[in-house]
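The values are calculated or read from the model by the stated rules, or taken from the named source; none is laboratory data. Note that the coordinates shown come from a computational prediction; the quantities given were computed from them, not determined experimentally. We place every Cβ from the backbone using ideal geometry, glycine too, and count neighbours over all the protein chains shown. Protein only, heavy atoms only, side chains kept; ligands, DNA and RNA dropped before computing areas. Shrake-Rupley method; radii C 1.70, N 1.55, O 1.52, S 1.80 Å.
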Amino acid sequence: MAEESYSAKDIQVLKDLTAVRKRPAMYIGDTSTRGLHHLVNEVLDNSVDEALIGFCTHIYVVIHTDNSVTVDDNGRGIPVDLHAEYNLSAVEIVMTKLHAGGKFDDKVYKVAGGLHGVGISVVNALSEWLEVEVRRNNHRYYQKYERGKPLGPLEELHVPEDEWKECGTKVRFKPDFEIFGPYEIDAGILTTRLRELAFLNKGLSLTLKDERTGEEKQFQYEGGIAAFLEYINRSKHVLHEPILFEDDKEGVKAEIGVQFNDSYAENIFSFVNNVKTIEGGKHLSGFKAALTRVLNDYGRESNLLKKINLDGEDVREGLSAVISVKLRDPQFEGQTKTKLGNSEVKGVVESIVREHMWEFLEEHPNDAASIIKKAMETAHAREAARRAREIVRKKDFIADSLPGKLADCSEKDPARRELYIVEGDSAGGSAKQARDKNFQAILPIRGKILNVEKARLDKILKSTEIRALITALGAGMGEDFDLEQIRYHKVIIMSDADVDGAHIRTLLLTFFYRYMQELVSMNHVYIAQPPLYMVKKGKDERYAFSDEEYQKILAALGVTEGDTGVKIQRYKGLGEMNAEQLWETTMNPETRCIKRVNLADAAEADWLFTVLMGEEVEPRRNFITAHALEVMNLDV
């Protein structure tokens, strides 16, 4: 075999935006639905940055029927004059050059969300086409691009005086199908983002129109973070009025809202320059450290705490908080901006929180007593939970407790391993026979697991089924959860297609959301879709996964339910399928249909779990009444 040639001619230099199209994940995280919506966020960030410095009051977002998106603001408009070095319009520079923009010094923008400077040019590179229209000084300018390349120079549009509009920038782009495949823009994801931006920017008006459905929503909140807390806690019993404070120290401006409720869940939303920091960072660490310290110090000084020391979990049970910081030069981990890395921010936020929280506690002693009493109750439960957790952490727990339940797989790479959580021993037996032992593990659960929305951690860890689930996954839970230790990258809930099956799915999802939220947010949780019907005519055997599909199959085969020569089976449970049928319809990666569980709106998910799974009956009754007409399948 001849030696392969490798020389200078094999070295590629990727010019302009070619590198972005070659390796899009380096710039937007991935090319799934998360990356697709990141494009919209990049354009939105630019408009919101104009609002931060007082030049934009309204942003209008449109999802068009062709899956393109328009973002139109009434800011100053991108500059259109020629750039001295490149002899191109400033618009074209911004649209086609990486690390180009007006945010790298503090002359134009004091703070900005798009400080990586690759945002809008990356959107341009990853779009099938992009159009930009700039309105400045009673003139209107237009330019179009295809896959990052301009189709012509910036041109001025001749518009009659009576059609002149206020200044601003309008960008319309269509994500490239070659990059993103079949993914479509999700109005729910954009709704969440626009709502958050409206909460974080008092008075800023944001409108979302979906031309596919005709639905239009406007978001504008004069209450800012106070309104955000009210939204988060709208179905909970709060212990006090919102604690709100703003401060500016050492170039870091912090706006923080805190409110405790009587639930067991912790809900903290953190942002930097309006960008949601999903993985937190130094600002969140500073907040948590200060909150724990100030409640301990105040509790001891006021004789509310004596022999007990509160830890972070104790003081954050039932906490809803919004932390929004703005700073000149945020250092994010990666272009997807999910974790703040500026070490100096931790101390600044810690100082601000300690000062203002102490002031609140001193001025509101009754509220302070309620907060500390709740934390003390949590601390006592924590000690009981610690003893239960130690059992879960024992290295020999799997060996001692799971041989009869967990049928593990031989594959060692977690990325290739799947765990099916199966309802009941009967279905578990079928699944064990149907599975591919190389990469599919089966964990049967007996009956309905504990509703964790109504229980503290100590009670949760006494549940045999939950302990088995925690140990099988191998990554801990709650504060101890470590996604890097997860033993399976696909966790698939497989339950019957009836009311009991739906209830079991909901109980499991509640547990994952409350105690392994990163498992959900990082797209590791799936729901299996077993068929509802099997229709067999001769040797032709087909499966229907919905009533609608069932009717189509009958029509395609030219039969009706009463015809002779046709066999119809309605599956009421997984145990009614034999191993071969279960493999072919529900477990074979080549033919199965599984739904991935996404966490698009954490605040909405928290509210829904509180309403449906919490203690209060009235909100649940109201929800059921409001949505009764939307029920598709009623099992009575």
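Numerical summary
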{"read-out": "Test: residue in segment 26-36 that is at pLDDT 90 or above, open to solvent by less than 50 Å² (accessible area, probe 1.4 Å) and not polar (S, T, N, Q)", "value": "yes"}
{"read-out": "Among residues of segment 245-269, those that are within 22 Å of Gln517 (Cβ to Cβ) and touching a residue at least 60 places away in the same chain (Cβ under 8 Å), counted", "value": "11"}
{"read-out": "Strands (runs of 3 or more DSSP E) enclosed by segment 411-501 - at least 1 residues per element that are free of Cβ contacts under 8 Å to residues at least 40 places away in the same chain, touching a helix residue (DSSP H, G or I) at 6+ places or on another chain (Cβ under 9 Å) and farther than 30 Å from Ala375 by Cα", "value": "440-445"}
{"read-out": "Whichever residue in segment 249-273 is touching a Lys or Arg at 6+ places or on another chain (Cβ under 8 Å) and more than 20 Å from Gly347 (Cα to Cα) and, among such residues, is surrounded by the fewest Cβ atoms within 10 Å (Cβ to Cβ)", "value": "Asp262"}
{"read-out": "Every residue from segment 317-341 that is open to solvent by 10 Å² or more (accessible area, probe 1.4 Å) and within 23 Å of Asn267 (Cα to Cα)", "value": "Glu317, Lys326, Phe332, Glu333, Thr336, Thr338, Lys339, Gly341"}
{"read-out": "Checklist (1) in a helix (DSSP H, G or I); (2) closer than 23 Å to Phe269 by Cα; (3) not acidic (Asp, Glu) applied to Asn366, failing item", "value": "(2)"}
{"read-out": "Any hit, segment 596-611, residues being open to solvent by 50 Å² or more (accessible area, probe 1.4 Å) and at pLDDT 75 or above", "value": "yes"}
{"read-out": "Selected residue [open to solvent by less than 30 Å² (accessible area, probe 1.4 Å) and under 28 Å from Glu576 (Cα atoms)] from Gly476, Gly428, Gly447", "value": "Gly428"}
{"read-out": "Some residue of segment 528-539 being closer than 30 Å to Lys454 by Cβ and among the basic types (Lys, Arg)", "value": "no"}
{"read-out": "Residue ID - nearest to His489 (Cα to Cα), chosen from residues in segment 408-425 that are surrounded by 21 or more Cβ atoms within 10 Å (Cβ to Cβ) and of a type in the set (A, V, I, L, M, F, W, C)", "value": "Leu419"}
{"read-out": "Sole exception among (1) modelled with pLDDT of 95 or more; (2) within 21 Å of the chain's Cα centre (by Cα); (3) not charged (D, E, K, R) for Val275, by number", "value": "(1)"}
{"read-out": "Which listed residue is in contact (Cβ under 8 Å) with a residue 12 or more places away in the chain, part of a strand (DSSP E or B) and either β-branched (Val, Ile, Thr) or open to solvent by less than 70 Å² (accessible area, probe 1.4 Å) (or both), from Ile504, Ile527", "value": "Ile527"}
{"read-out": "Pair list, Cβ under 8 Å, 6 or more apart: segment 85-97 residue touching a residue at least 24 places away in the same chain (Cβ under 8 Å) and at negative phi, other residue outside any loop (DSSP other than H, G, I, E, B) and among the small types (Gly, Ala, Ser)", "value": "Val94/Ser121; Met95/Ser121; Thr96/Ser121; Lys97/Ser121"}
{"read-out": "Looking only at segment 575-590, and only at residues there that are at pLDDT below 90 and assigned to a loop (DSSP other than H, G, I, E, B), the one that is surrounded by the fewest Cβ atoms within 10 Å (Cβ to Cβ)", "value": "Asn578"}
{"read-out": "Filter result (surrounded by fewer than 23 Cβ atoms within 10 Å (Cβ to Cβ), under 30 Å from Pro182 (Cβ atoms) and of a type in the set (Gly, Ala, Ser)) within segment 42-95", "value": "Ser68"}
{"read-out": "Single residue of segment 52-77 satisfying the filter (at pLDDT 90 or above and aliphatic (A, V, I, L, M)) that is farthest from Thr33 (Cα to Cα)", "value": "Ile59"}
{"read-out": "Checking Glu216 against (1) without any contact (Cβ under 8 Å) to a residue 12 or more places away in the chain; (2) of a type in the set (D, E, K, R); (3) within 30 Å of Pro365 (Cα to Cα), the condition it does not meet", "value": "(3)"}
{"read-out": "Of all residues in segment 177-202 being of a type in the set (Lys, Arg) and not in a loop (DSSP other than H, G, I, E, B), the one that is surrounded by the most Cβ atoms within 10 Å (Cβ to Cβ)", "value": "Arg193"}
{"read-out": "Lys405 among the basic types (Lys, Arg), modelled with pLDDT under 85, in a loop (DSSP other than H, G, I, E, B) and surrounded by fewer than 17 Cβ atoms within 10 Å (Cβ to Cβ)", "value": "no"}
{"read-out": "Residue check for Glu548: open to solvent by 40 Å² or more (accessible area, probe 1.4 Å), among the acidic types (Asp, Glu) and not in a loop (DSSP other than H, G, I, E, B)", "value": "yes"}
{"read-out": "Strands (runs of 3 or more DSSP E) completely within segment 208-298 that count 1 or more residues being touching a strand residue (DSSP E or B) at 6+ places or on another chain (Cβ under 9 Å) and β-branched (Val, Ile, Thr)", "value": "243-249, 252-260, 267-272"}
{"read-out": "Enumeration of residues in segment 276-286 that are open to solvent by less than 10 Å² (accessible area, probe 1.4 Å) and farther than 13 Å from Gly347 by Cα", "value": "Thr277, Gly280"}
{"read-out": "Out of Lys454, Lys490, sole residue that is more than 24 Å from Asp314 (Cα to Cα), among the charged types (D, E, K, R) and open to solvent by 40 Å² or more (accessible area, probe 1.4 Å)", "value": "Lys490"}
{"read-out": "Candidate set: segment 457-473, residues that are in contact with a Leu (Cβ under 8 Å, 6 or more places away or on another chain) and open to solvent by 10 Å² or more (accessible area, probe 1.4 Å); chosen: the one nearest to Asp408 (Cα to Cα)", "value": "Thr471"}
{"read-out": "The lone exception for Lys572 - which of (1) in contact (Cβ under 8 Å) with a residue 60 or more places away in the chain; (2) loosely packed, with under 12 Cβ neighbours inside 10 Å; (3) among the charged types (D, E, K, R) it fails", "value": "(2)"}
